[in-house]
């Protein structure tokens, strides 16, 4: 079995691959599938509401701390997700063969259930990580590996699963994904060890309330919550309609999308995340947060230009231009993502690790979920260029709040 007394590299990688994979299937592959099915932009934008379970996961996160072990939670959730994805593959395969649009609402309903499981999976894995690595500086040091494992899941989903769907059909695309998740689930069942035992409290509801009270009682918490909610808002608005933008406006095919988003985008994001982790460890969070944040947000203008110029993926020069801009944007996003990850961990108190991290991570995309949910209607009225400009404008408030929020170094 995996021992936490040894290097945590192996289990950090496997668990964060398992965290990224359900998110990718639910939030990203749903866009590719429904875009490929010909659904209009207005309805595609509503797929952003699949992020709501990730926004609200803090409501049930304390139960992960109070009942059972993190390993037992992880196994049950991941097994059920595997089963739902297998059912999804059957329905998607039937739709591919028949073209019966009545299947699409059933597929959307399955994605909703998978979103709830994926968000709960996040809670258990983040708590498992903070129980397995208790030193704050070591947590920051491994944040790059966490992001890299997550991004490997991005690569696998976009390259392998979307690629298989492009070369064969969606039955095989989602079917391979179901087998992958089942394999990860069995690995965690037999090779991960339990960390700390769950806390025993006579009054469970008191513990539930205490998790939220202790988080709220921290310094300038109202300002901190506003900062967390708006920190990646610009990037998230950009991502909200990125898939239909690439596939419909720039004529990127499914196989091209697999290469562009899976290889170019993910590799660039990993490079940005590792660079940010090194920078934070070397310079401290307080000294590095401003330049890394500025790099993340200014870069949104590259996508504004892409929407204005509209190079087409049907030519080699156009595809190369798209790849360069997309990779550049993803690297900048990786910088900011690691900054926010480290900042959230610094807000967590030891006795409520799962709940505190879940509260912070849920709030990250709260604004983008609801703004992005109506992004399709915005695009149909004003176009992609103005959507991306709106994304940059939405990034300004968080940069202003950087001057006022408390920063916890944890040295």
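Read-outs: derived from the displayed coordinates by stated rules, not from any lab. Quick caveat: nothing in here was measured; it's all calculated off a predicted structure. When we count neighbours, we look across all protein chains shown, and the Cβ atoms used for this are built from the backbone with ideal geometry, even at glycine.
Descriptive notes on the structure:
- Sequence of 131, 351 once ranked by neighbouring C-beta atoms within 10 Å, starting from the fewest: 351, 131
- The separation of segment 320-353 from segment 222-295, counted between C-alpha centres, amounts to 6 Å.
- Judged by the mean number of other Cβ atoms found within 10 Å, the most tightly packed of the peptides 13-22, 393-402 leads the ranking 13-22, 393-402.
- Which of 130, 320 has the fewest Cβ neighbours within 10 Å, and the rest in rising order: 320, 130
- Highest mobility in the GNM of the chain, judged by mean-square fluctuation with C-alpha springs under 10 Å and restricted to 213, 158, 146, is found for 213.
- Packing, taken as the mean count of other beta carbons within 10 Å per residue, orders the peptides 160-172, 36-48, 332-344 from highest to lowest as 332-344, 160-172, 36-48.
- Cα centroid separation - segment 361-411 against segment 13-66, whole Å: 18
- Tail beyond 22 Å, pair distance distribution of segment 57-171 (Cα, percent): 49
- Taking 369, 69 and counting other C-beta atoms within 10 Å, the order from fewest to most: 69, 369
- Protection-proxy order for peptides 50-57, 290-297, each taking the mean of Cβ atoms within 10 Å per residue, highest first: 50-57, 290-297
- An ellipsoid equivalent to segment 22-124, defined through the eigenvalues of its Cα gyration tensor, has semi-axes of 28, 15, 8 Å when rounded to whole angstrom and sorted largest first.
- Cα shape, the chain, gyration tensor, a/c 1.5 rule: oblate
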